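The values are calculated or read from the model by the stated rules, or taken from the named source; none is laboratory data. Note that the structure is predicted; figures quoted are calculated from it, not measured. Quick reminder, even Gly has a Cβ in these numbers, built from the backbone with ideal geometry, and neighbours come from all protein chains shown.
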Amino acid sequence: MIIGRKTEEEVPNDFIRLLYNRGLIYSLNCFFIGKGQVGKSTAVFYLGNRLKQIERGISKWEAKWDEWDWKKFTVTESTKFVDLWDEYDNEIISLEEVAETMYYLDWTNLMSRVFSSTSATQGMKKNTCFLITPYFSDLVKNAKGKLDFAGLFHNRDDESMTVKLIPKYSRTNFKTFKPELKPIKQITFQYSKRFLKEANKYTDWLKQYKSDVRNKNRMLVRGYNPDKPISKKNIPPYMKKIMEQ
């Protein structure tokens, strides 16, 4: 028996209970997808905080919705993700995509680097990783053996403050010995006004964060790395224009 496992009475939501109980045993990789503005990031904010609340014995009614340190554990770059993964144990890390600047092959290569890190220490770290993906079918097809859960967010309703999730979990088919995705019953997340007030801080920060990353990527494409000292080879585009006049 695994110490700390939660029962259905303690955590009625099947998906959250599975996430929490499996996270007591090994690290988790969870893929999430949904159309733009459907509420993926808000839902990840909800899940990250709920898992921390359950761990600390905090009910939803007592929650402040700041239990998960989202600024520290939300990234858009694989190198930063791997650094967090290597440095921390028993944490929740969200790897957000930058759809406007990332092509399919870029994302596939990024996932390869992420999975090579997570798989190497799968049984030790006990981190839960949420991967917000811009593409789904091919990625999931190629990564079934390295992910634990996948979920599609849909039907966001601002009036009722709800969003729906179709979750699936990965398991091995013992006839073919290949991984396959099995369904978990659909979930409707019901948000409170107090929760959304805190979640908006996260999504507003995330918009600015992604914008900063996009600007940096544009600079890199033009041959300038703002994280390195200015030199003859590393010059901002506007300085190049001045020097050429």
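Take segment 58-82 and flag every residue that is closer than 18 Å to A199 by Cβ and among the hydrophobic types (A, V, I, L, M, F, W, C). Scanning segment 58-82 gives I58, W61, A63, W65, W68, W70, F73. Within the bounds of segment 60-71, is there any residue that is crowded, with 20+ Cβ neighbours inside 10 Å and assigned to a helix (DSSP H, G or I)? Within segment 60-71 (the criterion being crowded, with 20+ Cβ neighbours inside 10 Å and assigned to a helix (DSSP H, G or I)), the answer is yes, since at least one residue qualifies. Candidates are the residues of segment 1-37 that are exposed (fewer than 14 other Cβ atoms within 10 Å of the Cβ) and among the hydrophobic types (A, V, I, L, M, F, W, C); the one that is nearest to R56 (Cα to Cα) is I3. Put simply, of K6, K64 the only residue that is touching a residue at least 24 places away in the same chain (Cβ under 8 Å) and either within 26 Å of L206 (Cα to Cα) or β-branched (V, I, T) (or both) is K64. Within segment 81-98, being assigned to a helix (DSSP H, G or I) and surrounded by 21 or more Cβ atoms within 10 Å (Cβ to Cβ) holds for F81, W85. Within segment 38-53, the set of residues being surrounded by fewer than 23 Cβ atoms within 10 Å (Cβ to Cβ) and at pLDDT below 95 comprises V38, T42. Among the residues making up segment 162-192, those that are surrounded by 12 or more Cβ atoms within 10 Å (Cβ to Cβ) and hydrophobic (A, V, I, L, M, F, W, C) are V163, L165, I166, L181, I184, I187, F189.
Taking segment 156-203 only, how many residues are of a type in the set (D, E, K, R) and touching a Pro at 6+ places or on another chain (Cβ under 6 Å)? Give the steps one after another, and end with the answer.
Here is the first cut: in segment 156-203, the residues of a type in the set (D, E, K, R) are 156-159, 164, 168, 171, 175, 178, 180, 182, 185, 193-194, 197-198, 201.
Imposing the further condition that a residue be touching a Pro at 6+ places or on another chain (Cβ under 6 Å) reduces the set to 168.
Looking only at that region, the number is 1.
The listed residues are D138, D212, D158, and the only one of them that is more than 16 Å from the chain's Cα centre (by Cα), modelled with pLDDT of 90 or more and more than 20 Å from F15 (Cβ to Cβ) turns out to be D158. In summary, I25 fulfils each of the numbered conditions (1) of a type in the set (A, V, I, L, M, F, W, C); (2) more than 15 Å from N90 (Cα to Cα); (3) in a loop (DSSP other than H, G, I, E, B) with the single exception of condition (2).
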